Structures are given as C-alpha cells and as structure tokens.
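Working notes, structure below.
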Amino acid sequence: MSGPDQQGMALRLLKWGYNRHYQKKTLLINARSETVLEKAVFRDDFLKRRCLIPAVGFYEWNAKKEKFRFSGADGLMYLGGFFHGQEEGPDEFLIMTKPPVKLVAEVHDRMPVVIPTNQARGFLESTETAIKIISENQVVLKRELIQGEKQYSFVDLLAHDFPPQNDHDVV
C-alpha cells in the first residue's frame, strides 16, 4: 500500500530491495529510520513515496542462530517503508528499521518500523505525521522461538523472489 504520489493511494506489487547500478552486487533491503532524512539516496523516496508492507510477522536470529518470529498482538501488522520508481521492471522498496523494543532487543539489535493500524493512513498521507510515528514508534509484539528448520527454511534466503515463479519455490 503506498501513499500519495502522482498516482494517489494504491495497492501495488513492489520488489524488495534497491538494486542501484553504482552499488555493484550489494542489494539494499533496509534503511535506518533515524537517518532516512539525512541520506540523499533515501530522502526523496521517504518524503514522496512512503509505503506500508502488510505482514503477519517478521523473523530475527540471535547469536546462537536460533530463529524467532515476532508478530503483532492483533495478527496483521504494517511495516513502514518507502519505494523507488523504476523505468523498467517493478518498483523497488525498502523496509525502515529502528532500535528494537525490549522484547526484540533480547534477540537482535534492530527491528522493522511497525506502523500501528490506527496510524497507517497518517503515515502515508503526512510527512510530518510519518516522522513523528517513526521517531516515537513503540509497538506490542509477541515472540516465538521457531522449531523445525525445514518447515521454515524458505525465510532464510533473500534470494527467493515473490511471487514464486514455480511450484519448486514454495516450501
């Protein structure tokens, strides 16, 4: 779901990660919310092309390589991000990250910016509101240790493309 730009509010299929020609093989998938306005590569996209990424949770790994799933107290959650238009191919998006809330800090030193449902429209429509939301962002999450590596192995690889290109891409 993306905020107002030339096309208005819309539901769009975007590709995760900025693949800029000058970055060689490095794919940017996240942007630190604390510095998004300071970095030229992100500033314009954040100001003009914010988006919400619907999710049922996110995964983080601790130092022991244990995988944890964090989910919203209400099920569906929105991750805050922004996108960049492409002349060819799908538009690309990044997920903003922030210092973690206590529950996540026990596992990892960063977490996605989670936009509360009641603030989603404000995040998309108003830059001032979006800045306030990401700077004050506190969320209620649930944490679950994931057992059964084979069952969840698909989330381990960034190389997977969505939507899956064939039946072999789905675990």
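The values are calculated or read from the model by the stated rules, or taken from the named source; none is laboratory data. Since the model is a prediction, treat every value here as computed from it, not as a measurement. Don't worry about glycine lacking a Cβ; one is built from the backbone with ideal geometry, like all the others, and counts go over all protein chains shown.
General observations
- Which listed residue is in contact with a strand residue (DSSP E or B) (Cβ under 9 Å, 6 or more places away or on another chain), farther than 22 Å from residue 11 by Cα and surrounded by fewer than 16 Cβ atoms within 10 Å (Cβ to Cβ), from 106, 136, 128: 106
Each row is one residue, and each column tells you yes or no for (1) part of a loop (DSSP other than H, G, I, E, B); (2) farther than 22 Å from residue 15 by Cα.
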site	(1), (2)
44	no, no
47	no, no
65	yes, yes
70	no, yes
82	no, no
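- Applying the set (1) in contact (Cβ under 8 Å) with a residue 40 or more places away in the chain; (2) surrounded by fewer than 20 Cβ atoms within 10 Å (Cβ to Cβ) to residue 40 leaves exactly one unmet item: (1).
- Only one of 34, 60, 87 that is of a type outside the set (S, T, N, Q), modelled with pLDDT of 90 or more and not in a strand (DSSP E or B): 34
- Hits in the range 92-104 - residues which are at pLDDT 90 or above and more than 15 Å from residue 33 (Cβ to Cβ): 92
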